[in-house]
Every structure is written in structure tokens, then in C-alpha cells.
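Some notes on the structure that comes next.
The values are calculated or read from the model by the stated rules, or taken from the named source; none is laboratory data. None of the values given here were measured: they were computed from a predicted structure. Note that each Cβ is placed from the backbone with ideal geometry, even for glycine, and that neighbours are counted across all protein chains shown. Keep in mind that these areas ignore ligands, DNA and RNA; they rest on the heavy atoms of the full protein, side chains included. Shrake-Rupley method; radii C 1.70, N 1.55, O 1.52, S 1.80 Å.
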Amino acid sequence: MNLSNKYSIITILIFAILLINYTFAEKNIKESKILLRCKKKCNHNNKKLKKFCKKCSSLNILDKNKIHENNKISENNEVFENNKISENNEIFENNKTSENNILSEKKNFSVTLLSHSTNFDYNKIENLFVFGDSYSSVNTNFLDMSYTGDNRSLGKNWPLKLIELKNMKLWDFAIPASTINKNIVKSGHDFFDQYNHFFEKMTFNKYFNGEWKSSNSLFAIWIGSEDIIRIPEKSNIEKLSEQIISNMFDVIEKLYNDGARNFLILNIFYLNKTPYNKSGKINYMNFNINYYNEILKNKVNYYFKTKNDLNIFFYDINYLIDGIIEHCYNYEFNNCKDAWVLNKDKNVEDFFWSDLTHTTYKANSIFSEKINEFLKIDKISENKN
């Protein structure tokens with residue numbers, strides 16, 4: 001066999017393996033969508049949905065004790081052809097999805113996905129790029145990328161706190177009230193606008209391009225809350241979630257093409273547990289947020305499998321915030337239900353919420369500390385030529 005034929009066979013084998021991974025990931029996403037629809041529609045005796053729910057039963061989807069085997073991260077830290085899933089202290093027990101608790105508030109879906117070919121060393125990260133809404137904004141001037149630090153936490157929010165814990169240059173493109181795509185959910189700004197600012201300042205031949213490189217930069221994305229809170233109650237959350245998250249990864253793909261290789265992606269928290277919902281008017285968002293976060297988690301895993309040089313840290317901020325609210329005093333808060341702006345005669349450090357939907361600087365300190373620890377992985381992927 002001559003050398004060219006040998007390389008041809010190797011190339012065919014590699015593409016075959018990638019195709020198998022792609023097909024497997026597509027199957028996972030499809031079955032997860034069916035699972036969520038079954039969970040929503042078939043827990044009640046609805047005769048109109050009898051045919052659909054019969055299909056669920058045939059898939060054992062309504063069996064409370066059965067584990068959905070095709071939607072989990074391997075218990076043995078499964079290694080894909082060019083990528084691997086690395087354990088650390090924030091990973092929930094292998095990230096398994098159970099029929100009985102797929103919508104549970106008690107699971108931590110944080111996971112670290114590391115490449116074999118692109119080394120991640122948090123100690124060498126010098127640049128923090130941030131995209132998002134008012135939870136992450138620091139009032140950036142996009143002309144020169146300076147920022148005032150103004151935000152809704154009444155002090156320093158999580159990006160400002162994080163760069164105190166880990167010395168990094170902050171490039172914050174977050175804009176308050178941003179959705180992911182303003183053509184899907186109406187808003188003044190969106191993720192695409194933020195990317196455009198990045199493209200105009202940070203990419204090839206642009207003013208700040210020489211300030212960063214793939215290996216020393218982390219791209220943090222926390223966006224989607226504005227989308228969920230603006231979607232009307234009677235909307236098709238399944239369809240909209242898929243559209244919104246698909247658009248989110250369209251932007252992530254643009255960032256990847258510009259050189260981003262290390263991503264920190266946060267899900268969204270229970271907006272129905274904010275002081276804004278004291279009357280219970282947005283209780284319906286509990287399901288919407290669970291559905292959105294499930295689709296996001298699956299998309300993260302799927303996207304990771306399509307690349308061989310990508311590192312993704314998926315952080316379950318929803319789990320953290322829900323835990324703080326539930327164990328308020330353990331985190332040294334005296335009030336995790338009310339907004340400090342409505343109780344200004346009291347000490348702000350006693351409060352978890354600064355206003356009706358935003359958390360205080362003290363809460364943001366906890367976020368940054370947990371994220372900082374999450375990024376300190378014990379085992380770093382090895383380079384492979």
C-alpha cells in the first residue's frame with residue numbers, strides 16, 4: 001500500500017468517527033426534546049393527547065425510575081475521539097438525566113468539557129471577554145473599551161469581582177436588557193450587536209487585536225434571561241427556546257471562527273423566585289426556564305462534540321442561586337426574598353436582591369468565587385499532535 005492510499009484510509013476513518021459522534025448527538029437532542037414534551041403534557045390524563053402519550057409510554061419516558069441512557073455524561077469520564085469530559089469539584093454526578101427529576105431544582109448540571117488538542121490552563125488566562133445583559137454589564141464605552149463599572153449590584157458585579165480573584169484584563173461587551181436575537185424577542189440590543197462591537201475592536205487588523213490570543217483568553221456568556229422574561233405566557237416555549245439557543249450558538253460560532261477556544265457559559269436562574277414575582281404572576285416561568293436550560297445544556301454538549309479544539313465550562317448558576325435562596329442564612333444573608341431598594345433603611349449586606357430582579361454585590365462575590373474555583377481544574381488536557 002503506497003503512502004497516499006494509507007493516508008486516504010486514515011482520513012476516511014476519521015470522518016466516519018466524526019459522523020458517528022454527530023449522529024449520536026443529534027439523537028440525544030431529539031430524544032431530550034420528546035422527553036421534555038412528554039413531561040409537560042402527559043403527566044395529566046388528557047384524552048386529546050392519548051396518541052402522543054402512548055408514544056411516550058412506548059419509549060418508557062413516563063417510567064419514573066428509568067434513566068434516560070442516551071442523555072447522560074458517562075460515569076467513566078467518557079472520552080470522545082478528539083475531546084474529553086474532565087471532572088472537577090463542581091460537576092454534578094456525571095450529569096445524568098433522570099425521568100423523575102429532569103425538571104428538578106436540586107441538580108447541579110455544571111460540567112467541564114476539555115479538548116485533547118487545545119490545552120486549557122487557567123493560570124495562563126490573561127483576558128476575560130464577557131457577553132450578556134445587565135447581570136454582567138459594567139457600562140463599557142465601545143469606542144475605547146474603557147468602563148465605569150456601573151451596574152445593578154450596588155457595588156462590583158461578578159466580572160469585576162472575578163478579575164480581582166484572577167488577574168485578567170476585562171473586555172466587557174454586555175449591554176443591559178439584551179436578548180439573544182431582537183428579531184425573535186424584541187429588545188433594543190442583542191447578542192449579535194455585542195458580537196459586532198467585538199468584531200470591530202478585537203478581530204484581525206482591528207485596534208485591539210494584538211491584545212489577546214486564543215490560548216490566553218476566556219469568553220464568558222451569560223445571556224437569555226431577557227428572552228425568557230419577555231416571552232408571553234401562552235407562547236410555544238419549546239419552539240422559541242430552540243430558536244433562541246440556535247441563534248446563541250450562531251454567535252458562538254462566529255467567536256470561534258475569530259479565535260475563541262475557551263468558553264464559560266452560564267444558564268439562567270429562576271426569575272420566578274425574584275422579588276419581581278412576589279404576587280406569583282410569573283410562576284409559569286418555572287417550566288420555561290427548566291426547559292430552556294435543558295435545551296441549552298444539550299446544545300453545549302452537542303456543540304462541543306463538533307469541535308476538536310474547544311474547551312467549554314458550563315456553569316449552572318441556577319443551581320447556585322436556588323441554593324442560596326433556600327439556605328439564605330448559611331450564606332450570611334438575612335433576607336433572600338425582598339429587594340433592598342424597597343428597604344433602604346436596612347443594611348444592604350443583609351440582602352441577596354438589590355432590586356426586583358438583580359442581586360447585590362455581596363451575592364455577586366459568591367458567584368465570582370464559585371466560578372473562580374470551577375475554572376481551577378485539577379486535570380488539564382494534554383496536547384496531542
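Observations on the structure shown:
- Portion, in percent, of the accessible area of the range 220-358 that falls on carbon or sulfur, probe 1.4 Å: 44 percent
- Accessible surface calculations at 1.4 Å, restricted to protein heavy atoms, place the range 165-287 at 41 Å² per residue.
- At R0 = 25 Å, FRET efficiency that the Cβ-Cβ distance of THR203 and SER246 yields, to 0.05: 0.60
- Taking every alpha-carbon pair within the range 164-268, the share separated by more than 16 Å comes to 60 percent.
- Radius ratio Rg over Rh of the range 110-229, counting only Cα atoms, Kirkwood formula for Rh: 0.97
- All-pairs Cα distance distribution in the range 264-373, expressed in whole percent, bin size 5 Å: 2, 11, 19, 20, 17, 13, 8, 5, 3, 1, 0
- Full extension of the chain segment joining LYS344 with TYR331 gains 2.6 nm, where the gain is 0.36 nm per residue of separation less the Cα-Cα distance.
- Environment charge of TYR284, counting only residues whose C-beta is closer than 11 Å and scoring Lys/Arg +1, Asp/Glu -1: +1
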